[in-house]
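Novice: To start, I am sharing the structure in question, which I have written as structure tokens.
Read-outs: derived from the displayed coordinates by stated rules, not from any lab. All values derive from a computational prediction rather than experimental measurement. All Cβ positions, glycine included, derive from the backbone under ideal geometry; neighbour counts span all protein chains shown.
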């Protein structure tokens with residue numbers, strides 16, 4: 001049994017139990033449908049295998065304990081970050097016209113667009129209610145710093161999402177612009193998890209920045225790997241259609257590299273609607289022209305940076321091992 005598995009066993013069920021309690025008591029009986037939407041989207045009534053990976057609370061609690069803190073005291077921050085993540089998914093599904101998530105209807109499809117938007121807003125607001133619970137365990141300066149960290153992260157998330165939406169209308173996107181987009185949309189929240197843990201574990205500002213750097217680099221690798229799954233992942237496992245990012249015209253990392261490296265791909269893809277059959281052929285061309293290899297090399301580069309940053313952290317030994325296992329696991333996942 002892995003070290004990471006031991007910590008998952010230690011953290012995740014208490015996290016889910018208390019998240020259940022929090023959600024069930026968030027609204028009064030007049031707002032029972034909002035509770036239903038929360039429970040549905042958070043997967044609280046699903047089989048544990050279908051509840052999502054809970055990566056962000058796991059990272060937060062690991063870093064809190066690894067940096068010298070008490071993990072149970074950090075639970076409100078883990079709740080808040082998970083709620084912010086899931087708020088962003090509700091709104092992403094609306095903005096991307098996403099019909100399914102985790103093999104079931106998205107919130108806006110099941111309840112309609114107005115209630116979907118409102119539920120996302122409610123989940124966003126609830127994150128800031130729950131993070132204020134830190135005042136019961138930490139001094140006011142630490143609690144205020146935690147709220148400021150979460151707030152600034154939310155701005156980065158929305159700025160990254162804005163770029164992602166903007167890219168859909170543009171013919172060309174620079175690789176550095178893509179990095180800026182995923183640094184906000186994906187990496188910022190993982191950096192928040194690791195820095196939040198260090199903050200609650202008692203690290204000074206410099207120590208917190210080291211933890212933040214690890215989370216940021218891990219998030220960059222995570223998103224580029226997600227882009228790889230969007231082209232070459234198994235649709236039966238990912239829940240997406242074959243080569244879904246090609247069909248949707250997303251400016252993901254493989255597509256940006258392909259536009260520069262594969263003339264066959266560029267001539268067929270740019271500015272033209274792509275069918276699922278054509279997308280399958282394009283994914284083959286991208287592989288043949290070395291694009292997939294370039295993407296894998298980029299994933300490995302960011303992962304190695306993350307592991308180097310992790311190795312330099314002031315962090316308890318067993319938890320450093322667990323974080324290493326988690327980093328590697330995130331880049332071997334199939335969905």
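Novice: Quick check on the chain: helices-only [θ] at 222 nm, where DSSP H runs of length 4 and up contribute -39,500 (n - 2.57) each and the sum goes over total residues. Nearest 500, please. Walk me through the intermediate numbers first.
Specialist: Numbers: 17 runs with 240 residues, N = 335.
Helix contribution divided over all residues of the chain: -23000 deg cm²/dmol.
Novice: Still on this model: Would you order 213, 305 from fewest to most other beta-carbon atoms within 10 Å of each residue's own beta-carbon?
Specialist: Starting with the residue having the fewest Cβ neighbours, the order is 305, 213.
Novice: Could you give the length gained on full extension between residue 132 and residue 46, defined as 0.36 nm per residue of separation minus the Cα-Cα distance, in nm?
Specialist: On the way: separation 86, 0.36 × 86 = 30.96 nm, distance 2.80 nm.
Answer, rounded to one decimal: 28.2 nm.
Novice: Mind running the shape call on the stretch 1-102? Use the C-alpha gyration tensor, a ≥ b ≥ c as the square roots of the eigenvalues: rounded below 1.5 for a/c, prolate if a/b tops b/c, oblate otherwise. The partial results should precede the final answer.
Specialist: Numbers: a/c = 1.92, a/b = 1.52, b/c = 1.26.
Cα axes put the stretch 1-102 in the prolate bin.
Novice: Roughly how tilted is helix 276-288, in degrees to the nearest 10 and between 0 and 90, from the longest Cα axis of the chain?
Specialist: 90
Novice: Treat the count of other C-beta atoms within 10 Å as a stand-in for reagent exposure and order 333, 170 from fewest to most. Before the final figure, lay out the partial values.
Specialist: Details: 333 15, 170 9.
Fewest to most other Cβ atoms nearby, the residues stand as 170, 333.
Novice: Another one. Let me know the shape class of the stretch 61-195, please: from the alpha-carbon gyration tensor, a ≥ b ≥ c as square roots of the eigenvalues, rounded when a/c is under 1.5, otherwise prolate if a/b is greater than b/c, or oblate.
Specialist: oblate
Novice: Further question on the same structure: Counting other beta carbons within 10 Å of each Cβ, put 179, 11 in order, fewest first.
Specialist: Numbers: 179 16, 11 23.
Least to most surrounded, the residues fall as 179, 11.
Novice: Starting from the Cα-Cα distance between residue 12 and residue 288, subtract it from 0.36 nm times their residue separation and give me the gain in nm to one decimal.
Specialist: Between residue 12 and residue 288, full extension yields an extra 95.2 nm.
Novice: Could you give the angle, 0 to 90 degrees to the nearest 10, between helix 140-167's Cα long axis and the longest principal axis of the Cα atoms of the chain?
Specialist: 10
Novice: Still on this structure: GNM, the chain, Cα, under 10 Å: largest mean-square fluctuation among 315, 193, 63?
Specialist: 315
Novice: Explain nothing, just the number: relative contact order of the chain, from Cα pairs under 8 Å at least 6 residues apart, as a whole percent.
Specialist: Answer for the chain is 20 percent.
Novice: Let me know the volume per residue of the alpha-carbon convex hull for the chain, in Å³.
Specialist: Cα convex hull per residue, to the nearest whole number: 128 Å³.
Novice: Can you compute the FRET efficiency between residue 165 and residue 267 using 1/(1 + (r/R0)^6), with r the Cβ-Cβ distance and R0 = 30 Å? Round to the nearest 0.05.
Specialist: 0.70
Novice: Any chance you could give the angle, 0 to 90 degrees and rounded to 10, that helix 205-232 forms with the longest Cα principal axis of the chain?
Specialist: Once rounded, the angle reads 40 degrees.
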